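Novice: Handing you a structure now.
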Amino acid sequence: MKKILLLLTFCLAVHLGFAQSHRTLNLIEKTNYTLIGGNIGGAYYSGQYANQAFSTIDLGSIRPSLSGYIQTKFAKRWHFRFQGTWAQIGSKDNLSSSENFGKAAFRTNIFDFTPMMIFDIGVNKKNKSRGAYKNRKSNHWNWYLMAGTGLFAAKVNNYIEEQANGNIGSSYYKVGGTLNGGLGVRYALKERWILNAEALFRMSTSDDLDGAKNNLLPVDFYVTGQIGVAYRIPGRRFMR
């Protein structure tokens with residue numbers, strides 16, 4: 001009998017613990033909380049030397065990227081984020097008509113600062129009763145859209161482009177802007193700890209991120225795909 005009572009007490013405690021956790025998550029989601037996080041992943045380039053079309057995709061052009069951000073929720077589904085990113089892009093020369101085909105073409109280090117708006121999509125309609133904005137069991141998953149403009153500074157190293165002075169290769173700095181849009185998903189691992197995965201498409205204002213003029217595309221593009229972790233600071237203002 002004592003064992004049965006102990007088992008029932010344990011089950012009740014676990015149930016109450018989970019219920020409290022779900023209620024806490026729901027309450028935190030309704031506050032103007034702040035996220036401080038960092039992501040790591042890869043950067044995928046599209047420009048003169050590679051990935052100008054879906055028929056010429058070269059996954060070998062993926063390079064590392066890192067980002068850090070601070071994000072504040074100011075409305076029921078809206079967040080504002082300040083994000084800084086370091087991304088490296090590079091590629092071999094994949095133009096079949098080039099005499100440098102297969103050679104390392106360039107390497108560029110990009111540092112950008114991007115203010116962004118983030119909109120929480122939430123869960124699908126079938127699971128709406130368990131969503132983050134309901135009073136029932138909390139859904140730990142949340143999809144979101146990202147959009148914003150940014151500024152970048154880049155150090156470009158081209159290894160094969162012939163210059164007017166007869167030398168091969170060039171190195172220079174480039175500054176400009178980016179137009180960014182993407183999709184992400186976050187998972188509430190704990191009340192204060194969040195895991196996330198994001199894909200952000202970045203269109204630059206420059207055609208010189210790879211040290212060569214693009215024949216098919218007017219500007220250079222790159223995409224960052226990252227995973228990361230964030231610490232959540234619950235807010236004090238509740239939002240309906």
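Novice: Need pairs with beta-carbon distance below 7 Å; first residue within 14 Å of Ala188 (Cβ to Cβ) and within segment 15-38, second modelled with pLDDT under 55 and part of a strand (DSSP E or B); sequence gap 6+ or separate chains.
Specialist: Note: no pairs meet the criteria.
Novice: Looking at segment 103-129, which of the residues that are surrounded by fewer than 15 Cβ atoms within 10 Å (Cβ to Cβ) and either aromatic (Phe, Trp, Tyr) or modelled with pLDDT of 95 or more (or both) is farthest from Leu183 (Cα to Cα)?
Specialist: Phe111
Novice: Kindly indicate the residue of segment 198-216 that is open to solvent by 40 Å² or more (accessible area, probe 1.4 Å) and not hydroxyl-bearing (Ser, Thr, Tyr) and also modelled with the lowest pLDDT among those meeting that condition.
Specialist: Of everything passing the filter in segment 198-216, Asn215 is modelled with the lowest pLDDT.
Novice: I'd like to check something: does segment 22-38 contain any residue that is surrounded by 18 or more Cβ atoms within 10 Å (Cβ to Cβ), within 18 Å of the chain's Cα centre (by Cα) and modelled with pLDDT of 50 or more?
Specialist: yes
Novice: Considering (1) touching a Lys or Arg at 6+ places or on another chain (Cβ under 9 Å); (2) modelled with pLDDT of 95 or more; (3) open to solvent by 70 Å² or more (accessible area, probe 1.4 Å), say which one His79 fails and leave the rest.
Specialist: So the condition that His79 fails would be (3).
Novice: Taking Tyr172 as the residue in question, decide whether it is at pLDDT 80 or above and more than 25 Å from Asn39 (Cβ to Cβ). Write out each step before concluding.
Specialist: Details: at pLDDT 80 or above: yes; more than 25 Å from Asn39 (Cβ to Cβ): yes.
Taking the combined requirement at face value, the residue satisfies it.
Novice: Additional query: Applying the selection to segment 179-226, what residues are β-branched (Val, Ile, Thr) and over 15 Å from Leu35 (Cα atoms)?
Specialist: Thr205, Val219, Val223, Thr224
Novice: Would you be able to say whether some residue in segment 65-76 is part of a strand (DSSP E or B), open to solvent by 60 Å² or more (accessible area, probe 1.4 Å) and either at pLDDT below 95 or of a type in the set (Ser, Thr, Tyr) (or both)?
Specialist: no
Novice: Give the residues of segment 195-217 that are within 14 Å of the chain's Cα centre (by Cα) and of a type outside the set (Phe, Trp, Tyr), sorted by residue number.
Specialist: The answer is Leu195, Asn196, Ala197, Glu198, Ala199, Leu200, Arg202.
The values are calculated or read from the model by the stated rules, or taken from the named source; none is laboratory data. Keep in mind it's a predicted model, so treat the numbers as computed, not measured. Please note: Cβ atoms are built from the backbone with ideal geometry, for glycine as well, and neighbour counts cover all protein chains shown. For accessibility, only protein heavy atoms count, side chains too; no ligands or nucleic acids. Shrake-Rupley method; radii C 1.70, N 1.55, O 1.52, S 1.80 Å.
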